[in-house]
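The values are calculated or read from the model by the stated rules, or taken from the named source; none is laboratory data. Note that the structure is predicted; figures quoted are calculated from it, not measured. Every residue, glycine among them, receives a Cβ derived from its backbone with ideal geometry; neighbour counts consider all protein chains shown. Each accessible area value is taken on the protein alone, full model and side chains, heavy atoms only, with ligands, DNA and RNA left out. Shrake-Rupley method; radii C 1.70, N 1.55, O 1.52, S 1.80 Å.
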Amino acid sequence: MQRFTRLFNELDQTTKTNQKVEALVDYFQDASEKDKIWTIALLSGKRPPRSVNTNFLRAWAAEVGEIPDWLFEESYHVVGDLAETISLIFPQSQQTVNRSLTYWINFLKDLKTADEVEKKKQVIGAWLQMAPYERFVFNKLITGGFRVGVSQKLMVRALSRHTGIEENKLAHKLMGNWQPENIDFQEFFFSDNPEEDLSKPYPFYLAYALDGEASELGDPSLWLAERKWDGIRGQVIVRDQKLYVWSRGEELVTEKFPEFGILKDKLPDGTVIDGEILAFKEGKPLSFNHLQTRIGRKNVSGKVLRNAPVVLMAYDIMEARGKDIRNLPLMDRRDKLEALVYEANCRDVLRISEIIHGKDWDDLAHERKSSRKYNSEGLMLKKKDSTYKVGRKRGDWWKWKVDPMTIDAVMIYAMRGHGRRANLYTDYTFAVWDKDRLVPFTKAYSGLTDQEIREVDTFVKKNTIERFGPVRSVKPELVFEIAFEGINKSTRHKSGVALRFPRMHRWRKDKPASEANSLQDLYALLEP
Amino acid sequence: MPLLQFTDRGIYCKRAGIYIDPWKPVDKALITHGHADHARYGHGHYLCHHHSKPVLQLRLGTNIEIQTVTYHESINVNGVTISFHPAGHIIGSAQIRLEYKGCIWVVSGDYKIEDDGLSGAFEPVKCHYFITECTFGLPVYKWRPQKEVFDDINHWWQKNKEAGKTTVIIGYSLGKAQRIIQGLDTSIGPILTHGAVENINQALRNDGVSLNETIRVTADFNKNQLNGSIVVAPPSAAGTTWMKKFHPYSIGIASGWMGLRGARRRRSVDRGFVLSDHADWIGLNQAINESGAEYVIATHGYTNAFARWLNEKGIQAGVESTMFEGELSEINEGSGGKAVNDEVQN
Ligand SMILES: [Zn+2]
Ligand SMILES: [Zn+2]
């Protein structure tokens, strides 16, 4: 697995996309076909199931390394990553053995059924054969926490260079329910299988957030505007009288939304619709919280179905009557979509995402302001003649989000970061005033520049009041403007509210703590 | 009263009337080594190893009152016998041994166990009280032999050269830079240096230290001079416009903090090489065992954890806070960008 480890390291250490692609192309050149398949699977998020409980792993590593538990904990706080801590704590190997990635994945699969004593023996035996960084990658595989900083898009680009197959075609092949165990590299990529898996979705076209003014997009009549719904992006497929629902994470979620079952009778075979799955009741979308209650559950109970029923808010169509129509202009696709939705006539589960009309950009900006009323995050702007593209592309589709809500808050706790920020205090807890008392209401850890993080880190280290493990309470002096996308009542939080996507918008160096906002200010932002 | 105490000025020996690495101005200072957090400005008299002198003069000015000793030479001050012993940290670095009426204290300063060929090999000194650093005092810090690290660095340099790129390696200008320069394979190409590094090189050469040949990058530096060279620069140079001269280049950092993936990624350099002038976990434990000390005092670094570890192993240990910048260097090293002071040791 040394070659794979090197790839992991190369991908991990660079942020430059070119270098990532180079590293992958090189790797594909060197690796065996079976290892290539597994690598593609891993980089597509198909991980082997977790075969050993992480508590065992840490206990075994500490035992062999002769490290007491508390020292393991201390080390873990500094390293910030369990798999890495284990790999470093473990004594250095005398002699490493280079086995293939496929070997170790099969090893892990066999391990799943072994008893605890056998698992311990096997895992320690494996660690002994590895160099620390290889051990780290191996641990990531065991714990099922394998993630690499490379997008599917880059992986596909490299694979395209390696195989000579077009990126679009590859992306499509790689979607869906394929199993790395049963695949032959040559056959999978080079034979045209007419019996392509019926469930296979299309890659989603993803929009970028608009960074400039909407008016810079030119003539507004060339653009279609609709609400940016705050749900789960979903793809509904009806083929051969079967229904498949995919989420954007390329997860087959058909079972989670039994409401959509009816669509296989209402939509013709060979239909693929793109839309937003929304919790929806009494003609109105519910907040994302409602949907969240359903996502985490294995079984969707009757109660959940009643409390948070879903609809598909349809906004595009990729396949009609069995034909891939992604290259038609948006307005033509939209015509077909509207006709289908109309004919299906089941508004309680399938709706069309309305076009928002405005005679000019000011009009649309006005509509955008009202987004929160519709539980939406802003507007989507789509070029009327745009084709349906693959992945995240600039130019034709834009997210035009509403400005976030903001509040000025005082930092009162800081916690060490994880992963690449393990040496710094990067995660903060913020409070607002309730009379003369500071009440914590949110955590936030993004939004500052590296320079600012270092400044805050220095402040934390110099102004610590108390330490609790990795957390320090600090003098309430620093004020930050916290931005967030939504706010809800919450009984689980001391402050009585929960924020959506809180982040640090600005460091208010100009404000003393006494001028931060109050709990009353925060309540005033709650939806009426 | 113990022979040494921790005061707000530094580690103090009342009997001899001297301080060791004091952080506020005092009359008499013994200096373990030339890093800025150990050798500060404003003392009346400095006493250090003779290889530390050129560095102190470079940093603090030639008008400081300075006296030097060699390793193992004994000085007697009011009944206290004082001697300097190799610490293996950087050129001229020393552990300072103080003995009074049979009771022996050793102040380690910063140290590493592996002999880097420049700093003198670390020498275990038997003592009753050992004041140790523990910058890397957690079991996740374990160094590979430097030979292997230099093989990696030279291989990377060679590869860059083949790809038509300049190689830039970042390391502290006093200590790390010279160690890197000595570890490079000069058959690959020329070694260029940043001014901060070259000033130290020059001071050391004037003092008789022999180093591989280096070329100072000056303001009128011409790109044609690059051909496959490696540039040795301090952390403060990373990310500045000074680097533009070397385009296209691949950049790496040599530091003990690079042992953690988080720190490597945070620095967002092309390569992180785990190379430190401090003892790793194994080295710290080895040094303490070999000192035979009955009582250990941990300063800068993961002091609490390390002292607890020692206590549980049956070695009495306590913690003292100092102004040595274990924590500060952690900030700079762990966080990328410009270091507050590129002399802060690592
Ligand atoms: Zn130090
Ligand atoms: Zn030092």
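Quick grid of which residues meet (1) within 16 Å of ligand 2 (Cβ to nearest atom); (2) basic (K, R):
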| position | (1), (2) |
| --- | --- |
| B:E99 | no, no |
| B:D110 | yes, no |
| B:F136 | yes, no |
| B:K159 | no, yes |
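Counting only residues that are surrounded by 22 or more Cβ atoms within 10 Å (Cβ to Cβ), in contact with a strand residue (DSSP E or B) (Cβ under 7 Å, 6 or more places away or on another chain) and within 14 Å of chain A (Cβ to nearest Cβ), how many does segment B:133-150 have? Matching residues across segment B:133-150 total 4. Among the residues of segment A:21-34, just one is open to solvent by 20 Å² or more (accessible area, probe 1.4 Å) and closer than 18 Å to A:K153 by Cβ, namely A:E22. If only residues of segment B:24-77 that are among the β-branched types (V, I, T) and part of a loop (DSSP other than H, G, I, E, B) are counted, the one that is modelled with the lowest pLDDT is B:T62. Checked across segment A:35-48, the condition of being loosely packed, with under 15 Cβ neighbours inside 10 Å and not acidic (D, E) holds for at least one residue. Only one of the listed residues (B:A219, B:A196) is open to solvent by 40 Å² or more (accessible area, probe 1.4 Å), more than 16 Å from ligand 1 (Cβ to nearest atom), away from chain A (no Cβ under 14 Å) and not basic (K, R). That residue is B:A219. Among the conditions (1) within 29 Å of A:Q92 (Cα to Cα); (2) open to solvent by less than 10 Å² (accessible area, probe 1.4 Å); (3) out of contact with any Gly (no Cβ under 6 Å at 6 or more places or on another chain), B:D277 misses just one, which is (3). Checking each residue in segment B:104-117 for being within 12 Å of B:I91 (Cα to Cα), more than 16 Å from ligand 1 (Cβ to nearest atom) and surrounded by 21 or more Cβ atoms within 10 Å (Cβ to Cβ) picks out only B:D116. Among the conditions (1) in a loop (DSSP other than H, G, I, E, B); (2) loosely packed, with under 15 Cβ neighbours inside 10 Å, the only one that A:K389 does not satisfy is (2). If you scan segment B:11-21, which residues turn out to be away from ligand 2 (no atom under 15 Å from the Cβ) and in a loop (DSSP other than H, G, I, E, B)? Hits for segment B:11-21 are B:K14, B:R15, B:A16, B:G17. Output the residue which, of all residues in segment A:32-59 that are in contact (Cβ under 8 Å) with a residue 40 or more places away in the chain and of a type in the set (G, A, S), is nearest to the other protein chains (Cβ to nearest Cβ). Among those that are in contact (Cβ under 8 Å) with a residue 40 or more places away in the chain and of a type in the set (G, A, S), it is A:G45. Scanning segment B:257-298 for residues that are within 16 Å of ligand 1 (Cβ to nearest atom) and charged (D, E, K, R) gives B:D277, B:D280.
Mind counting the residues in segment A:405-439 that are touching a strand residue (DSSP E or B) at 6+ places or on another chain (Cβ under 6 Å) and surrounded by fewer than 17 Cβ atoms within 10 Å (Cβ to Cβ)? Residues flagged as touching a strand residue (DSSP E or B) at 6+ places or on another chain (Cβ under 6 Å) and surrounded by fewer than 17 Cβ atoms within 10 Å (Cβ to Cβ) within segment A:405-439 amount to 1.
Taking the conditions (1) part of a helix (DSSP H, G or I); (2) away from chain B (no Cβ under 14 Å); (3) not β-branched (V, I, T) in turn, A:Y76 satisfies each one other than (2). Within the set A:D26, A:D12, the sole residue that is over 23 Å from A:W127 (Cα atoms), within 14 Å of chain B (Cβ to nearest Cβ) and not in a loop (DSSP other than H, G, I, E, B) turns out to be A:D26.
Based on this model, can you work out whether A:L154 counts as surrounded by 15 or more Cβ atoms within 10 Å (Cβ to Cβ) and touching a Ser or Thr at 6+ places or on another chain (Cβ under 9 Å)? Yes, satisfied.
Of all the residues in segment B:50-84, those that are within 23 Å of B:K126 (Cα to Cα), open to solvent by 10 Å² or more (accessible area, probe 1.4 Å) and within 16 Å of ligand 2 (Cβ to nearest atom) number 0. Given the criterion within 12 Å of chain B (Cβ to nearest Cβ) and either part of a loop (DSSP other than H, G, I, E, B) or small (G, A, S) (or both), identify the matching residue among A:G125, A:G149. Criteria check complete, one pass: A:G149. Among strands (runs of 3 or more DSSP E) entirely within segment A:413-528, having at least 3 residues that are free of Cβ contacts under 8 Å to residues at least 24 places away in the same chain singles out A:464-468.
Scanning segment A:148-159 finds one or more residues that are in contact (Cβ under 8 Å) with a residue 40 or more places away in the chain, farther than 28 Å from A:K399 by Cβ, not basic (K, R) and not assigned by TED's automatic domain parsing to the domain that holds A:S44.
Going by what's in this entry, would A:R467 be described as under 24 Å from A:S353 (Cβ atoms) and out of contact with any Leu (no Cβ under 9 Å at 6 or more places or on another chain)? No: the conditions fail for A:R467.
Taking segment B:257-329 as the region of interest, the helices (runs of 4 or more DSSP H) fully inside it that hold 2 or more residues being modelled with pLDDT under 95 are B:261-267, B:303-312. Confirm whether B:E123 is in contact with a strand residue (DSSP E or B) (Cβ under 6 Å, 6 or more places away or on another chain) and more than 14 Å from ligand 2 (Cβ to nearest atom). In short, yes. Filtered by the rule that a residue be closer than 22 Å to B:R264 by Cβ and assigned to a loop (DSSP other than H, G, I, E, B), segment B:149-193 gives B:A163, B:K165, B:G171, B:Y172, B:S173, B:G175, B:L184.
Restricting attention to segment A:77-125, the residues that are within 20 Å of A:V64 (Cα to Cα) and crowded, with 21+ Cβ neighbours inside 10 Å add up to 11. Taking the listed residues A:W361, A:W400, the one that is among the aromatic types (F, W, Y) and more than 27 Å from A:M318 (Cα to Cα) is A:W361, with no other qualifying.
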